Amino acid sequence: MPTPVESAELLLKLYELRREETMRKARDFVLSFDPRSIGEIQTAMMGPDGAYIRMVTSFWDMAASFVLNDAIDPKMFDETNGEHIVAFGKFQPFLPQTREMLGPNFMKNLERLCTEAPGGLERVAATRERIRGMLAARAAAAAKA
């Protein structure tokens, strides 16, 4: 198990990577992406924003691998991150079909990290619905403006 300082150093490195300009754009896209079907995922993956989806999902899958392989303390990771749950929640309802399209290892580490946590699937579903509510409120505010 890593020391708290080692975990903190890796978490800070992950945070630095999240601040990179293209990664920020990718994260913004994925946050606003609200697929309701595998068809919407397929369309997005084949469109101009497909690279953003691949960037964000592979980033969080990599981070999850660090946690699962004891490079980052799981408690410290969970206390300092939540975006991985958002990213996983976007694809979780369509994982089997998405894996048929993108390969069997798509988000495997992230799935394990999210679902093996206490109350994991409930947390993913609650987060997905909370983000959908935020997106709906943002759209309603924009329509009024």
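The values are calculated or read from the model by the stated rules, or taken from the named source; none is laboratory data. This structure is a prediction, so every number in the text was calculated from the model and none was measured. Note that each Cβ is placed from the backbone with ideal geometry, even for glycine, and that neighbours are counted across all protein chains shown.
A compact table of results
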| item | result |
| --- | --- |
| Residue in segment 70-85 that is within 22 Å of residue 132 (Cβ to Cβ) and of a type in the set (S, T, N, Q) present | yes |
| Condition met for residue 55 (buried (at least 16 other Cβ atoms within 10 Å of the Cβ), closer than 30 Å to residue 6 by Cβ and out of contact with any Leu (no Cβ under 8 Å at 6 or more places or on another chain)) | yes |
| Wholly enclosed helices (runs of 4 or more DSSP H) of segment 1-120 bearing at least 3 residues among the β-branched types (Val, Ile, Thr) | 38-46, 50-68 |
| Residue pairs meeting the criteria (Cβ under 7 Å; at least 6 apart or on separate chains; first within 20 Å of residue 86 (Cβ to Cβ), in segment 134-145; second surrounded by 10 or more Cβ atoms within 10 Å (Cβ to Cβ)) | 135/32; 135/34 |
| Qualifying positions in segment 1-51 - closer than 15 Å to residue 83 by Cα and either of a type in the set (Ser, Thr, Tyr) or touching a Leu at 6+ places or on another chain (Cβ under 9 Å) (or both) | 15, 23, 31, 32, 34 |
| Residues of segment 62-112 that turn out to be buried (at least 19 other Cβ atoms within 10 Å of the Cβ), among the charged types (D, E, K, R) and either more than 14 Å from the chain's Cα centre (by Cα) or modelled with pLDDT under 95 (or both), as a count | 1 |
